[in-house]
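Notes for the one structure printed next.
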Amino acid sequence: MLLVVNSKKKRRKTNGFTLIEIMVVVGIIGLLAAIAMPSFLRPRARAQTNACINNIRQIEAAMQQWALENNKATNSHVTHSQLLVYVKTPPICPAAGTTATFDSCYTFDTVSDTPVCTTDPANHVLQ
């Protein structure tokens with residue numbers, strides 16, 4: 001007697017990725033992102049520093065122009081509102097955030113004083 005064996009075997013589909021393979025790829029992408037992130041943040045901080053230094057230059061030029069036009073001495077006191085006439089838009093330190101204002105970002109007293117950034121006075125310094 002001859003037995004016929006069913007030759008159809010159940011096959012699993014192998015068209016997709018396994019969970020382990022997907023987890024390995026996600027882990028590698030996360031590791032690469034963690035390594036690359038400081039490289040992206042460093043230029044941003046440098047750009048903010050340069051923009052703030054340029055703002056300080058602009059404020060100092062406005063102070064000199066104010067003193068010249070109003071016949072003031074170098075020891076004359078100047079306020080933020082007096083300088084707004086000499087700058088198109090009030091300069092704001094980019095590192096200070098969205099709620100910062102001209103008054104809260106930069107301090108100065110007299111015409112001879114160099115404006116100081118209150119956000120990061122150690123790094124945002126006019127040379």
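The values are calculated or read from the model by the stated rules, or taken from the named source; none is laboratory data. Predicted, not measured: the structure shown is a model, and the values here were computed from it. Glycine gets a Cβ as well: all are built from the backbone with ideal geometry, and neighbour counts include every protein chain shown.
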Residues that are of a type in the set (A, V, I, L, M, F, W, C), part of a loop (DSSP other than H, G, I, E, B) and under 20 Å from the mean Cα position of the chain (by Cα), drawn from segment 87-127: Ile92, Cys93, Ala100, Ala122, Val125, Leu126
Only listed residue being on the phi < 0 side of the Ramachandran plot and either surrounded by 15 or more Cβ atoms within 10 Å (Cβ to Cβ) or under 29 Å from the mean Cα position of the chain (by Cα) (or both), chosen from Asn70, Asn54: Asn54
Cβ pairs under 7 Å, 6+ apart, first in segment 15-34 and on the phi < 0 side of the Ramachandran plot, second surrounded by 10 or more Cβ atoms within 10 Å (Cβ to Cβ): none
Failed item, numbered, when His124 is tested on (1) exposed (fewer than 14 other Cβ atoms within 10 Å of the Cβ); (2) touching a strand residue (DSSP E or B) at 6+ places or on another chain (Cβ under 8 Å): (1)
Some residue of segment 14-28 being of a type in the set (Gly, Ala, Ser), in a helix (DSSP H, G or I), within 30 Å of Phe108 (Cα to Cα) and at pLDDT 90 or above: no
